[in-house]
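Right, I'll just put the structure down here and ask away after.
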Amino acid sequence: MSNKADKITAIKGMNDLLPADAHLWEIFENTAQSVVQSYGFQQIRTPIVEETRLFSRAIGAVTDIVEKEMYSFEDAMNGDKLTLRPEGTAGVVRAVLEHNLVYEGPKRLWYKGPMFRHERPQRGRYRQFHQFGAEAVGFTGPDVDAEMIAMCRRLWDDLGLENIRLEINSIGDAEERARHRVDLIAYLEQHEEHLDADAKRRLHSNPLRILDTKNPALQGIVNSAPKLLDYLGAESLAHFEGVKKILDANAIQYTVNTRLVRGIDYYNRTVFEWVTDELGAQGTVCAGGRYDPLIEMFGGKPTPAVGFAMGIERLIELMKGVGDTAAPRQCDVYLVHQGEAAQMQAFILGERLRDAGLDVILHCAASTGAGSFKSQMKKADGTGATFAVIIGEDEVANNTAVVKAMRAEGEGQQQSVAFEGVVDYVVDQITCGDDCDHDHHHHH
């Protein structure tokens, strides 16, 4: 497009993941997947678009998410009301019910992918953001709540993230919350003249959220408000004690934060958040809790469930602050060639090296032509390749290739190898060289 004004750019709050950062995402995703798999969790993927009523029913029509933040639209073909998912749990529960997954017994599930909220973009908040989450459906006891928390701690350890602390609370069940709510509203009404506009708006629709306010002027009022923990019955308290006991036995440190609540109606009992001070205002990197009532709300048989979700972008930010996150080298072998016959040989050799499980970059002609040996060697060096394999006219004539070490001990040494023997020679050097930190996926 010639006209500069016509340049198309990404939608505000929706970001490109560029190759420079991709390795951090891969490290995060691979680590998270291996951690949850070590606890027996299996992957589930649900569609990005669902019926709008899935979310208005699950999340509650009066919440900010449903009122202001959802990307909802009508299907132009048939008028169906659809929404881009603002979170992962509702879709997972829908799938579990639709396919009768708990019919065979409880399920441990994990998911990852993009979520969408129509917020004003700011640091750490995006309109398309990514979550990694887990849901355990069909388990009643405090053990699974504690397992969820232990999984998160293991992930932080494996990623080398240190300044993430755990806050937990119990929000009991609906009747306990209802009794607390009556007293809370009465208490807040006594102080109504001191409440801000936001708190006044929430006073009757969602008074629990007022306790979560960031407004410093309200902290005194909030601190003296009736505490939900004081309203819990024997069963809720026993469950919470059970969670704490397991955490204590496994040296998982936490603070009980009596003001930790959920803006969404379906949570009950255990709620937890992993919080950091390293990201400015947006301190929560992972939030979770029990949501036993949700499955019944969706028309299923009463089924207990607990889960968490973490914001990948926020965790990537934290990973950038940790030492060794340099991009891994791109390949094992860079193939350098000059002339048409050599190019053909190089292509064939590339396929054979990949058959042997190696990562290979073949030098391909750019707009300026194939490039001299010198410029190709410079490119080879830039990729961080362990070896350059060079084929020129002489090599084609002798049916050989030159293998040049680009890294570590033997740097600069080169060896002429018969064409048929190149794959064995390189594999041998790479697997038995001093450079034994390779995690090579030998496919064959």
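Return the residues of the range 89-117 that are of a type outside the set (S, T, N, Q), part of a helix (DSSP H, G or I) and more than 18 Å from residue 33 (Cβ to Cβ); say none if nothing qualifies.
90, 91, 93, 94, 95, 96, 97, 98, 101, 102, 103, 104
For residue 211, indicate whether it is closer than 29 Å to residue 147 by Cβ and not charged (D, E, K, R).
yes
If you don't mind, there's one more thing I want to ask. What number of residues within the range 32-59 are modelled with pLDDT of 95 or more, assigned to a helix (DSSP H, G or I) and among the β-branched types (Val, Ile, Thr)?
Matching residues across the range 32-59 total 2.
Among the residues of the range 259-276, is there at least one that is out of contact with any His (no Cβ under 7 Å at 6 or more places or on another chain) and over 25 Å from residue 88 (Cα atoms)?
no
Before we move on, is residue 401 buried (at least 17 other Cβ atoms within 10 Å of the Cβ), at pLDDT below 85 and in contact with a helix residue (DSSP H, G or I) (Cβ under 9 Å, 6 or more places away or on another chain)?
So residue 401 does not fit the description; no.
Sticking with this one: Checking the conditions here, which among 230, 265, 292 is acidic (Asp, Glu), modelled with pLDDT under 90 and within 21 Å of residue 107 (Cβ to Cβ)?
Every option except 292 fails the conditions.
Now, a different point. So, of the residues in the range 206-220 that are of a type in the set (D, E, K, R) and outside any helix (DSSP H, G or I), which turns out to be surrounded by the fewest Cβ atoms within 10 Å (Cβ to Cβ)?
This residue is 214.
Residue 134: aliphatic (A, V, I, L, M), modelled with pLDDT under 95 and over 21 Å from residue 15 (Cα atoms), yes or no?
no
On to the next question. State the number of residues belonging to the range 182-205 that are crowded, with 18+ Cβ neighbours inside 10 Å, in a helix (DSSP H, G or I) and in contact (Cβ under 8 Å) with a residue 12 or more places away in the chain.
The total comes to 3.
Restricting attention to the range 1-41, and to residues there that are surrounded by fewer than 16 Cβ atoms within 10 Å (Cβ to Cβ) and touching a strand residue (DSSP E or B) at 6+ places or on another chain (Cβ under 6 Å), which single residue is nearest to residue 298 (Cα to Cα)?
Ranking the qualifying residues of the range 1-41, first place goes to 40.
Could you grab me the full set of residues in the range 267-311 that are closer than 17 Å to residue 256 by Cα, among the charged types (D, E, K, R) and either touching a helix residue (DSSP H, G or I) at 6+ places or on another chain (Cβ under 6 Å) or in a loop (DSSP other than H, G, I, E, B) (or both)?
Correct list: 269 only.
Which one is nearest to residue 177 (Cα to Cα), of the residues in the range 247-263 that are surrounded by fewer than 18 Cβ atoms within 10 Å (Cβ to Cβ) and either outside the structural domain of residue 164 (by TED's automatic domain parsing) or among the aliphatic types (A, V, I, L, M) (or both)?
Filtering first and then ranking leaves 256.
Please enumerate the residues belonging to the range 221-231 that are surrounded by 12 or more Cβ atoms within 10 Å (Cβ to Cβ) and either assigned by TED's automatic domain parsing to the domain that holds residue 153 or assigned to a helix (DSSP H, G or I) (or both).
Those that are surrounded by 12 or more Cβ atoms within 10 Å (Cβ to Cβ) and either assigned by TED's automatic domain parsing to the domain that holds residue 153 or assigned to a helix (DSSP H, G or I) (or both): 221, 222, 228, 229, 231.
The values are calculated or read from the model by the stated rules, or taken from the named source; none is laboratory data. In this text, all values refer to a predicted model and were calculated from it rather than measured experimentally. We place every Cβ from the backbone using ideal geometry, glycine too, and count neighbours over all the protein chains shown.
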